[in-house]
1. Mind listing whichever residues of the range 120-134 are in a strand (DSSP E or B) and open to solvent by less than 10 Å² (accessible area, probe 1.4 Å)?
2. Give me the pairs: first residue in the range 63-79 and closer than 13 Å to ALA90 by Cβ and free of Cβ contacts under 8 Å to residues at least 60 places away in the same chain, second residue among the charged types (D, E, K, R) and surrounded by fewer than 16 Cβ atoms within 10 Å (Cβ to Cβ), beta-carbon distance under 6 Å, and six or more apart or on different chains, which are they?
3. Suppose we keep only residues that are open to solvent by 10 Å² or more (accessible area, probe 1.4 Å) and closer than 20 Å to PHE30 by Cα within the range 54-72. Which one would you say is nearest to the chain's Cα centre (by Cα)?
4. Scan the range 7-44 residue by residue and report those that are in a helix (DSSP H, G or I) and in contact (Cβ under 8 Å) with a residue 40 or more places away in the chain.
5. Just a yes or no: is a residue in the range 277-285 free of Cβ contacts under 8 Å to residues at least 60 places away in the same chain, open to solvent by 30 Å² or more (accessible area, probe 1.4 Å) and in a loop (DSSP other than H, G, I, E, B)?
6. Residues of the range 73-115 being part of a loop (DSSP other than H, G, I, E, B), of a type in the set (Ser, Thr, Tyr) and open to solvent by less than 40 Å² (accessible area, probe 1.4 Å), which ones?
7. Could you check GLU180 against (1) surrounded by 20 or more Cβ atoms within 10 Å (Cβ to Cβ); (2) of a type in the set (Asp, Glu); (3) more than 18 Å from the chain's Cα centre (by Cα) and say which number it fails?
8. Looking at the range 261-276 only, could you name the residues that are surrounded by 15 or more Cβ atoms within 10 Å (Cβ to Cβ), assigned to a loop (DSSP other than H, G, I, E, B) and more than 15 Å from the chain's Cα centre (by Cα)?
Amino acid sequence: MIFGGIETGGTKTVCAVGTGPDDIREEARFPTDNPDATIGGCIDMFKRWQPDLAAVGIASFGPVDLDPGSDTYGYVTTTPKPNWQYINLAGQVRDALGVPVNFDTDCNGAALGEHMWGAARGVDTFIYLTVGTGIGGGGMVGGQMLHGMLHPEMGHVTVPHDWEQDPYEGWCPYHGDCLEGLAAGPALEGRWRAKGETLPPEHPAWPLEAQYLASGIINMLYVLSPQVVILGGGVMDNRFLYGMVRKEVLRQMNGYLRVPRLLDSLESFIVPPALGNKSGVLGAIALAARARA
């Protein structure tokens with residue numbers, strides 16, 4: 001029995017067939033461009049693995065509809081991404097392949113992958129935060145995926161904005177200077193007129209970035225009390241940023257939480273994804289396995 005996984009992101013889509021990180025039979029990547037071409041490319045790959053393909057999991061960029069009782073369950077909904085509004089992603093895959101499809105957000109999918117095989121093994125309450133083209137979050141509380149009225153939108157929490165230090169208005173089309181508007185990749189480029197990967201470690205961009213990310217993490221820390229915070233995404237490819245974020249979290253917390261894990265071993269509390277850039281597609285495979293559980 002093998003499973004298919006699809007991770008759709010803002011710029012690329014990854015699909016894979018297998019059962020876990022040590023058993024990937026085939027993997028393909030497509031630009032997340034025209035929905036028909038992108039979804040069709042994944043379906044064509046999966047058809048080559050029938051009849052052995054037991055289920056497909058989809059970890060999708062959002063917003064998405066995760067309510068099984070809704071008429072638009074499995075849809076990408078009000079995304080600003082052109083041509084993807086109200087696309088029946090899960091339904092197209094299910095109808096084309098005739099197998100069960102399990103559907104969740106890209107960040108919840110990545111969180112599940114890290115829980116199964118990566119940095120969140122052995123813990124039941126944690127956050128996965130991706131910092132890239134946008135900022136999104138997912139995770140678990142008490143061993144259950146974070147779901148509710150919709151799904152987590154951690155990138156849109158409000159963080160303190162020091163207008164004197166940082167007059168940049170933010171790029172989020174809905175909120176301006178929410179966490180995503182101030183700290184995602186486009187915010188770095190908009191503020192400094194250069195892509196984040198071109199800015200050296202000593203650039204003033206990075207203390208400000210660490211300040212905003214730490215503020216967002218502390219919001220989540222106080223609300224959800226995670227045992228681990230996993231930071232992924234392209235901006236976090238600047239590995240020096242982890243140490244800066246950890247120090248800034250301690251500074252902003254100002255001694256409030258007297259927890260040994262925070263005071264003595266912050267390196268094991270704020271961590272990179274152990275699965276690297278495969279967290280999402282492996283999480284999608286884990287979603288598929290759950291569809292057959």
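1. Taking the range 120-134 first, the residues in a strand (DSSP E or B) are 126-131.
Listed by number, the residues that qualify are PHE126, ILE127, LEU129, VAL131.
2. The qualifying pairs are TYR73/ASP67.
3. Step by step, filter the range 54-72, then rank; the result is PHE61.
4. Here is the first cut: in the range 7-44, the residues in a helix (DSSP H, G or I) are 35-44.
Scanning the range 7-44 gives PRO35, ILE39, CYS42, ILE43.
5. Step one: filter the range 277-285 for residues free of Cβ contacts under 8 Å to residues at least 60 places away in the same chain, giving 277.
Narrowing the set further to residues that are open to solvent by 30 Å² or more (accessible area, probe 1.4 Å) leaves 277.
Still in the list and also in a loop (DSSP other than H, G, I, E, B): none.
Within the range 277-285 (the criterion being free of Cβ contacts under 8 Å to residues at least 60 places away in the same chain, open to solvent by 30 Å² or more (accessible area, probe 1.4 Å) and in a loop (DSSP other than H, G, I, E, B)), the answer is no, since none of the residues qualifies.
6. Looking only at the range 73-115, we keep the residues that are part of a loop (DSSP other than H, G, I, E, B), and these are 73-74, 77-86, 98-100.
Those left that are additionally of a type in the set (Ser, Thr, Tyr): 73, 77-79, 86.
Within the range 73-115, THR77, THR79 qualify.
7. (3)
8. First, pick out the residues of the range 261-276 that are surrounded by 15 or more Cβ atoms within 10 Å (Cβ to Cβ): 262, 266, 269-275.
Filter again for assigned to a loop (DSSP other than H, G, I, E, B), leaving 269, 272-275.
Selection gives PHE269 alone.
The values are calculated or read from the model by the stated rules, or taken from the named source; none is laboratory data. Bear in mind that the values here come from a model prediction, so they are computed numbers and not experimental data. Virtual Cβ from ideal backbone geometry, glycine too; neighbours counted across all protein chains shown. Quick note on the areas: whole protein, heavy atoms, side chains included, nothing else; ligands and nucleic acids left out. Shrake-Rupley method; radii C 1.70, N 1.55, O 1.52, S 1.80 Å.
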